[in-house]
Amino acid sequence: MDLWLIWLIVAAVFAVAEILTLTAALGMLGAAALITAAVAALGLPLPLQFLVFTVVATISVLFVRPLALRHVRRPQAERFGVDALVGRAAYVISEVTGQGGRVRIDGEEWTARAYDETLEIPAGTTVDVIEINGATALVYPRD
């Protein structure tokens, strides 16, 4: 069996292991094995193939992996769904108390409760959405 084919199999094994573990390190080793397979196909002797694998694997694990992990672990820039409503302004349609009420958030009508249960917020008041609990917005009047 040709050496380049063995390196290709090693790269595939690392790729499958990376998919199962999601560590990013095994993916870098798979990329190093893939590059070594290309070098082996050009006819480089076996000791130099190991040297190429070692250099590429070391560089990728030490320098590329931290960059990839930093990119993956970056906090999500935008909020979606009901999370995007928190912090938005709402308009009180019917009086909001600690028991219930109605507000309009971005053109949609929502059931609402006062975040501070002792408050009674009259219709026509602008409030801030503090939290979304199920299908109910918890609101607090703007100062």
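The values are calculated or read from the model by the stated rules, or taken from the named source; none is laboratory data. In this text, all values refer to a predicted model and were calculated from it rather than measured experimentally. Cβ placement follows ideal geometry from the backbone for every residue including glycine, while neighbour counts extend to all protein chains displayed.
Are there any pairs with C-beta distances below 6 angstrom linking a residue in region 36-51 that is surrounded by fewer than 16 Cβ atoms within 10 Å (Cβ to Cβ) to a residue that is modelled with pLDDT under 95 and of a type in the set (A, V, I, L, M, F, W, C), with the two at least 6 apart or on different chains, and if so which?
The qualifying pairs are ALA41/TRP4.
Considering each of GLY81, GLY107, GLY134, GLY101 in turn, give the residue that is over 30 Å from GLU18 (Cα atoms) and touching a strand residue (DSSP E or B) at 6+ places or on another chain (Cβ under 8 Å).
Numbers: GLY81 fails: touching a strand residue (DSSP E or B) at 6+ places or on another chain (Cβ under 8 Å); GLY107 fails: touching a strand residue (DSSP E or B) at 6+ places or on another chain (Cβ under 8 Å); GLY134 fails: touching a strand residue (DSSP E or B) at 6+ places or on another chain (Cβ under 8 Å).
On inspection, the qualifying residue turns out to be GLY101.
What number of residues within region 100-119 satisfy the criterion of being more than 36 Å from the chain's Cα centre (by Cα) and either surrounded by 12 or more Cβ atoms within 10 Å (Cβ to Cβ) or over 12 Å from TYR140 (Cα atoms) (or both)? Walk me through how you get there before you give the answer.
Taking region 100-119 as the starting set, the residues that turn out to be more than 36 Å from the chain's Cα centre (by Cα) are 118-119.
If we keep only those that are either surrounded by 12 or more Cβ atoms within 10 Å (Cβ to Cβ) or over 12 Å from TYR140 (Cα atoms) (or both) too, we end up with 119.
Of the residues in region 100-119, 1 are more than 36 Å from the chain's Cα centre (by Cα) and either surrounded by 12 or more Cβ atoms within 10 Å (Cβ to Cβ) or over 12 Å from TYR140 (Cα atoms) (or both).
Does GLY87 satisfy being at pLDDT 95 or above and either touching a Gly at 6+ places or on another chain (Cβ under 7 Å) or not acidic (Asp, Glu) (or both)? I'd like the intermediate steps shown before the answer.
Working: at pLDDT 95 or above: no; either touching a Gly at 6+ places or on another chain (Cβ under 7 Å) or not acidic (Asp, Glu) (or both): yes.
No; evaluated as a whole, the condition is false for this residue.
What single numbered condition from (1) over 31 Å from the mean Cα position of the chain (by Cα); (2) under 11 Å from TRP4 (Cβ atoms) fails to hold for VAL52?
Here VAL52 clears every test but (2).
Among the listed residues VAL55, VAL92, identify the single one that is buried (at least 18 other Cβ atoms within 10 Å of the Cβ) and modelled with pLDDT of 95 or more. I'd like the intermediate steps shown before the answer.
Values: VAL55 fails: buried (at least 18 other Cβ atoms within 10 Å of the Cβ).
Just a single option satisfies the conditions, and that option is VAL92.
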